[in-house]
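Chemist: I have a structure here, written as structure tokens, and I will follow up with some questions on it.
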Amino acid sequence: MTESGHAARVVLAPDKFKGSLTAAEVAAAVAAGLVDVLPQLETIMLPVADGGDGTVAAALSAGFDEIIVDAVGPTGEPVRAPYALHADRAVVELAAVVGLTGLPEGRFDSLGSSTYGLGLVIADAIRRGAATIVLGLGGSASTDGGSGMVQALGARLLDADGNDLPPGGGNLTRLARLDLSPLRDTLGDTTVIVASDVDNPLLGPNGAAAVFGPQKGADPDEVQRLEQSLRQWSQLVSEATGRNDAERAGAGAAGGAGFAALALLNAEIRPGIELILDLIDFDRRVVGADLVVTGEGSLDQQSLAGKAPIGVARAAARAGVRVVAVAGRLQLSPQALREAGISAAYALTDLEPDLDRCIANASSLLHRVGAQIAKEWLD
């Protein structure tokens, strides 16, 4: 009970602990510890994501329906991919269909992998009546400039002989002509909103190939070829649309899928966590809470650049609700946390310094942290 006599209410809005627990599992483990100490406590589970893997899961936790669709993975193998649908709004996550985790046996294919499967998922959502599609970009296995995505949505990418190019970033050097009218027919009046925190342009030393290509297995020669491919792709898209989106912030996201979303799906890009918080109606659901618990696997300098816990803290501050965080490991000073709107943070490595054991036992450690938070902040 709180001083006012009502049962305390806690909103649990963590991101995933990458390689260990999903956001929903983190929330459940902390909640179990809270309720051990305060059995009457009301807990509200609002797991979050920042636009990468976990975006669909956040929407499902907020009451969206799960749709499973037949698609293809980054190198063309059949996959079953989930997305979330509620009324006329869909949430689609690149990582869930053509992400790095979808590479067979983890084998990179930097020139041949594509976003074609992502386009198949988007097309299914449009067929089911989605008027707005929230597209989470992150964790991509390809550097195809989003060309595969728009091919699956009807665009024709043709070589000099009028043949359709096979998907894959490495093939775009042979691109000679675009036919975008079938893509426009598929899209109709669909609104696309991209969730991404990447502000890289498409081309150049800070672009998709140079910065992210090596993370997807591209050697220096392949990076150069992909850069040429993306340059050819952007030039023809620019000629077809009458505008240049290659330099826009976020065009380089997800191997350039951000570029195709901006230029050909007329998308708006928004910071991932802001979009997710809107999606799960966080501002309304946090009102009257006594505490918000957020967190992620590693709370560090990168977190301060707009990662999920910081977005949650900002939103909770607007509602006047205190925030504490949980993390696998903590690399921020108490002052940095306070400046970010987080009153305190609890690191699992303080309970279990051995990192492997910490990861393996994250759920039970979070349970203990939940009990500690209940005693220190609510009891």
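The values are calculated or read from the model by the stated rules, or taken from the named source; none is laboratory data. Keep in mind it's a predicted model, so treat the numbers as computed, not measured. Areas reflect the complete protein model, heavy atoms only, side chains present, ligands, DNA and RNA absent. Shrake-Rupley method; radii C 1.70, N 1.55, O 1.52, S 1.80 Å.
Chemist: Please report the accessible area of residue 70 (heavy atoms, 1.4 Å probe, ligands and nucleic acids excluded) in Å², nearest 10.
Modeler: Only protein atoms counted, so the area is about 110 Å².
Chemist: Given Cα positions, please report Rg to Rh for region 225-288, the hydrodynamic radius being the Kirkwood one.
Modeler: Numbers: Rg = 16.0 Å, Rh = 13.5 Å.
That ratio equals 1.19.
Chemist: Could you tell me what % of all Cα pairs in region 154-233 have separations over 15 Å? Spell out each step's value before the answer.
Modeler: Values: 2054 of 3160 pairs.
Cα-Cα pairs in region 154-233 separated by more than 15 Å: 65 percent.
Chemist: Rounded to whole Å and sorted largest first, list the principal axis extents of the Cα atoms in region 180-305.
Modeler: Computed over region 180-305, the largest-to-smallest principal extents equal 55, 38, 20 Å.
Chemist: At a temperature of 4 °C and a viscosity of 1.567 mPa s, determine how fast region 114-251 diffuses translationally according to Stokes-Einstein, using the Kirkwood radius over alpha-carbon pairs as Rh; express D in µm²/s, rounded to the nearest whole number. Before the final figure, lay out each step's value.
Modeler: Working: Rh = 15.4 Å.
Diffusion coefficient, whole number: 84 µm²/s.
Chemist: Round to a whole number: what % of the accessible area of the chain belongs to carbon and sulfur, probe 1.4 Å? All intermediate terms of the calculation are to be shown ahead of the outcome.
Modeler: Working: 7240 of 15540 Å².
Carbon plus sulfur share of accessible area: 47 percent.
Chemist: Return a whole-number percent for the relative contact order of the chain, with Cα pairs under 8 Å and 6 or more residues apart as the contact set.
Modeler: Numbers: 944 pairs, mean separation 73.4, N = 379.
So the answer I get is 19 percent.
Chemist: Compute the distance from the alpha-carbon center of region 39-113 to that of region 312-355, in whole Å.
Modeler: 27 Å
Chemist: What is the diffusion coefficient of region 1-119 in µm²/s, taking the Kirkwood radius over Cα pairs and the Stokes-Einstein relation at 4 °C with a viscosity of 1.567 mPa s? Walk me through the numbers before you get to the answer.
Modeler: Details: Rh = 16.3 Å.
So the translational diffusion coefficient is about 80 µm²/s.
Chemist: Which values, in whole Å and largest first, are the semi-axes of the equivalent ellipsoid of region 305-379 obtained as the square root of 5 times each eigenvalue of the Cα gyration tensor? Provide the component values of the computation, followed by the final result.
Modeler: Values: eigenvalues 102, 45, 21 Å².
Calculated on Cα positions only, the semi-axes equal 23, 15, 10 Å.
Chemist: Moving on. So what does the Cα-only Debye profile of the chain read at q = 0.10, 0.14 Å⁻¹, as log10 I(q)/I(0), no solvent term?
Modeler: Ignoring solvent entirely, the Cα scatterers give -0.64, -1.10.
Chemist: Also, I was wondering about something else. Looking at region 37-181, I'd like the Rg to Rh ratio, where Rg is from alpha-carbon atoms and Rh is Kirkwood's inverse mean 1/r. Provide the component values of the computation, followed by the final result.
Modeler: On the way: Rg = 17.4 Å, Rh = 16.1 Å.
Rg/Rh: 1.08.
Chemist: I want to check a number: in the chain, how many lysine pairs have alpha carbons closer than 23 Å, given a sequence separation of 8 or more or different chains?
Modeler: Lysine pairs satisfying the spacing and distance rule in the chain number 5.
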